[in-house]
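All remarks here apply to the structure that follows.
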Amino acid sequence: MESINNRSVQRAIKALRCLPFNHRFYSAVQEKGLTAENVFHKKYQYQVNGLKWFKSTSSVEAAFRWLIAIGVLRREVDGQGLTSKIRLTPLGRQILKKTPGLPDQKAGFIEQISNFFDSKWPLL
């Protein structure tokens, strides 16, 4: 069980380094729910310098879905069910507490390719 947990943590760390969200994004997600549209329009507030930004809100939403799948984010729930807003999970908080500068680190080319394949074919 520990190796599965370690693999999950390592995959989450890789995703945090590969996606263009900076530490301010993850801090904001921890404090309040954010939507893909809100994040897309606040590029200069939430983008890691030097990394490409998303082309549309749907591409931001796809990044959210990947972070949800690996356990870093979750959908916010209100009285009527799930919303379009996302929040940080306990796993995400734990990783960011241990290494707060992680999202602002740039991933290498191999790590980017590995994250791409993980997100497209997560069971391989």
Within region 52-93, the residues that are among the β-branched types (V, I, T) and more than 12 Å from the chain's Cα centre (by Cα) are T57, V77, T83
Right, S114: surrounded by 12 or more Cβ atoms within 10 Å (Cβ to Cβ), small (G, A, S) and touching a helix residue (DSSP H, G or I) at 6+ places or on another chain (Cβ under 7 Å) or not? yes
Flagged pairs (Cβ under 8 angstrom, 6 or more apart or on separate chains; first in region 38-50, more than 16 Å from L102 (Cβ to Cβ); second among the aliphatic types (A, V, I, L, M) and open to solvent by less than 50 Å² (accessible area, probe 1.4 Å)) are V39/V60; F40/V60
Q: Within region 9-22, identify whether any single residue is part of a helix (DSSP H, G or I) and aromatic (F, W, Y), and answer yes or no.
A: no
Quick check on G81: is it in contact (Cβ under 8 Å) with a residue 12 or more places away in the chain and more than 16 Å from S119 (Cβ to Cβ)? no
Within region 62-76, residues outside any loop (DSSP other than H, G, I, E, B) and either aliphatic (A, V, I, L, M) or closer than 16 Å to G33 by Cβ (or both) come out as A62, A63, F64, R65, L67, I68, A69, L73, R74, R75, E76
Note on Q30: of the conditions (1) touching a Lys or Arg at 6+ places or on another chain (Cβ under 9 Å); (2) assigned to a loop (DSSP other than H, G, I, E, B), unmet is (2)
Scanning region 1-60 for residues that are open to solvent by 50 Å² or more (accessible area, probe 1.4 Å) and among the β-branched types (V, I, T), the one farthest from R74 (Cα to Cα) turns out to be I4
- Message: So for region 44-51 (the condition being over 15 Å from the mean Cα position of the chain (by Cα) and not in a loop (DSSP other than H, G, I, E, B)), does at least one residue qualify?
- Response: yes
Of the residues in region 77-106 that are open to solvent by 40 Å² or more (accessible area, probe 1.4 Å) and part of a strand (DSSP E or B), the one that is farthest from R11 (Cα to Cα) is D78
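The values are calculated or read from the model by the stated rules, or taken from the named source; none is laboratory data. Note that the coordinates shown come from a computational prediction; the quantities given were computed from them, not determined experimentally. Note: ideal-geometry Cβ built from the backbone for every residue, glycine included; neighbour counts use all protein chains shown. Areas reflect the complete protein model, heavy atoms only, side chains present, ligands, DNA and RNA absent. Shrake-Rupley method; radii C 1.70, N 1.55, O 1.52, S 1.80 Å.
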